[in-house]
1. Determine whether residue 114 is among the charged types (D, E, K, R), in a helix (DSSP H, G or I) and either at negative phi or at pLDDT below 85 (or both).
2. Restricting the search to the range 53-76, which residues are hydrophobic (A, V, I, L, M, F, W, C), modelled with pLDDT of 85 or more and not in a helix (DSSP H, G or I)?
3. Looking at residue 83, is it in a loop (DSSP other than H, G, I, E, B), at pLDDT below 80 and not aliphatic (A, V, I, L, M)?
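The values are calculated or read from the model by the stated rules, or taken from the named source; none is laboratory data. Given the structure is predicted, the values throughout are model-derived calculations rather than measurements.
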Amino acid sequence: MGILWEEEQFPYHYKRIPNDGVIDPDWPDDKVERFIRAMYFPPLTPAKFRSADGELHPVVSLAAFEALRRGEAPAPPPAPALPVPANAPPPAPAPQPVVPPSASKAEVGHAMPRHATPCHASTA
């Protein structure tokens, strides 16, 4: 059957994670904290730290990283959210604001932006 399109036209490729997600112990704390926050996106793998014995430990906070850097036991990973039981009632809908019928658009919050021109306005 062959190729349906020219691969050169589509430059999409798998993007590697910086430093393969491993924290460099020589980085300053502010860079480490930004890296940890950028990498923390459950359920994906968080940032990692390679300990002196070569083992990779997941890191979800700067405090956990500092403990690992000092050689202390790694902090346990955060607990996953508890599943909702099958017989649980559905969550209540969010309350909607009550708007009196005589309320103007400005009172409701739908006022026209200053830069907009009403449809019935004359532009001449």
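1. no
2. 56, 59, 60
3. yes
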